[in-house]
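> Once you've had a glance at the structure underneath, I'll fire off some questions.
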Amino acid sequence: MAGKTKRQITIETHSITIIRTKGKSNTAFCEHCGKKVTAFPVEQIAEILQMDVCEVYRQIEVGEFHLIKGEYAALVCGSSLNNEKK
């Protein structure tokens with residue numbers, strides 16, 4: 001009987017979320033990035049990424065997202081969204 005060969009196929013996928021805002025966008029200084037960035041309200045990030053607001057805050061606590069304390073609300077650094085775990 002002929003020997004059997006085993007093949008392993010690995011498929012890797014990536015997704016990119018592009019966030020565009022209508023009208024005026026929020027810019028703020030992110031201390032973690034050390035530069036001025038586009039910033040988004042926590043609630044907007046939760047809606048866009050289809051996650052609970054509590055999950056956004058958990059991502060902030062573990063350092064995945066950067067928190068910017070805005071004048072009127074808590075904001076998330078737009079640049080830190082690129083760091084989201086794949």
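Listed here are the residues, each with its yes/no results for (1) of a type outside the set (S, T, N, Q); (2) under 19 Å from E71 (Cα atoms); (3) more than 17 Å from the chain's Cα centre (by Cα); (4) modelled with pLDDT of 85 or more.
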site	(1), (2), (3), (4)
T10	no, no, yes, yes
I18	yes, no, no, no
A39	yes, yes, no, yes
E43	yes, yes, no, yes
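> Here is a list of conditions, (1) modelled with pLDDT of 95 or more; (2) farther than 24 Å from H14 by Cβ, and R58 meets all of them except one; can you say which number that is?
The single condition R58 does not satisfy is (2).
> Related question: If I filter the stretch 59-86 down to residues being in a helix (DSSP H, G or I) and within 12 Å of the chain's Cα centre (by Cα), which single residue comes out as surrounded by the fewest Cβ atoms within 10 Å (Cβ to Cβ)? Give the steps one after another, and end with the answer.
Here is the first cut: in the stretch 59-86, the residues in a helix (DSSP H, G or I) are 59-61, 79-83.
With the extra rule that they be within 12 Å of the chain's Cα centre (by Cα), the set shrinks to 59-60, 79-83.
Details: Q59: 23, I60: 18, S79: 17, S80: 22, L81: 20, N82: 9, N83: 13.
Step by step, filter the stretch 59-86, then rank; the result is N82.
The values are calculated or read from the model by the stated rules, or taken from the named source; none is laboratory data. What you see is a predicted model, and the numbers here were worked out from it, not measured in a lab. As a convention, Cβ positions derive from the backbone with ideal geometry for all residues, glycine included, and neighbour counts pool all protein chains shown.
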